[in-house]
Amino acid sequence: MNKEQDVSTRKVILNMLKTRGALSVNDMSKQLGITEMAVRRHLNTLERDSLIDSKLVRQAMGRPTHMYFLTVAADELFPKKYHHLTLDLLEELQAVAGDEKVELLFERRKDKLISRYEERMAGKSLDERVQELADIQNANGYMVELEKTEAGNYVLNEYNCPIAQVANQYNQACSCELSMFQSLLGTEVERTECLAKGDGKCTYKIQKQ
């Protein structure tokens, strides 16, 4: 079996576990039409990648058997359309309560994020705060690249925006992110490129103190 077939088989296993719930090696072997040894080889790879886990389940007859199921990480592989719900709710709020309430909502989100992360910045130098911010944004899926210029300033590039669909329609998301950066870093931050405006990335220039 070549590499492409291996990947395809693992995708089928993930889809089976998503649609049918926890399955045993024997269940998967029958469904896939391959040996249990081959199934275990794929399961080992999926376990290594933290996409599946297993639990020992007692049977009415015979020995307990391992049942395999998807992890939270694997669930993220399947399509999500959260942005549609978010946009619908924002549009309803705008229609019912006006633009000011939408602004307030984004401001409250910004304040909540600042409160969540400001403790991680406490007592740290600017260099450490900038790196901490990059780590925070990376953990949130922004695909950050951080550079330090010869002058001692920083350039923080974000190559992905997890809330791009919202930011494309509501620029408040972008302005609140910039404000959050300035608050957490305690220095001047300028955005020079923006994904929501059609640029290839979001770029922030961070001034040394």
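Since every read-out is calculated from the coordinates, none of them should be taken as a lab result. Here the structure is a predicted model, which is why all the values come from computation and not from measurement. Here the Cβ positions follow ideal geometry from the backbone for every residue, glycine too, while neighbour counts run over all protein chains shown.
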Computed about the Cα centre, the charge dipole of region 1-114 from +1 Lys/Arg and -1 Asp/Glu charges at the Cβ has a magnitude in debye, to the nearest 20, of 820 debye
Percent relative contact order for the chain, counting Cα pairs under 8 Å at least six residues apart, stands at 14 percent
With label points set 7 Å from each Cα along the Cα-to-Cβ direction at E132 and E118, the distance between them in nm comes to 1.2 nm
In region 50-106, the trypsin sites (Lys or Arg not before Pro) that sit in a DSSP loop and have at most 12 other Cβ atoms within 10 Å of their own Cβ are R58, K80, K81
Both in Å, the radius of gyration and Dmax of the C-alpha trace of region 3-75 are 11.8, 39
At the level of C-alpha centres, the distance separating region 175-198 and region 96-135, in angstrom, is 11 Å
Quick calc, region 1-49, dipole around Cα centre from Cβ unit charges on Lys, Arg (+) and Asp, Glu (-), nearest 20 debye, gives 80 debye
In the neighbourhood of E145 defined by beta carbon distances under 12 Å, the net charge of the other residues (Lys, Arg +1; Asp, Glu -1) is 0
Phi angles of region 201-209, converted by Karplus (6.51 cos²θ - 1.76 cosθ + 1.60, θ = phi - 60°) into ³J(HN,Hα) in whole Hz with x for Gly and Pro, give 6, 9, 10, 10, 9, 10, 7, 5, 7
For region 13-101 the GluC sites (Glu not before Pro) that pass both the DSSP coil test and the at-most-12 other-Cβ-within-10 Å test are E76
Applied in sequence order to region 190-196, the curve 6.51 cos²θ - 1.76 cosθ + 1.60 (Karplus, θ = phi - 60°) yields integer Hz couplings, x standing for Gly and Pro, of 10, 8, 10, 9, 8, 4, 5
Diffing region 143-154: the Karplus 3J(HN,Hα) column from phi (6.51, -1.76, 1.60, θ = phi - 60°), in whole Hz with x for Gly and Pro, holds 6, 8, 10, 10, 10, 10, 7, 4, 7, x, 7, 10
XL table K101/K124; K101/K205; K148/K201; Cα-Cα > 25 Å flagged, in table order, is K101/K124; K101/K205
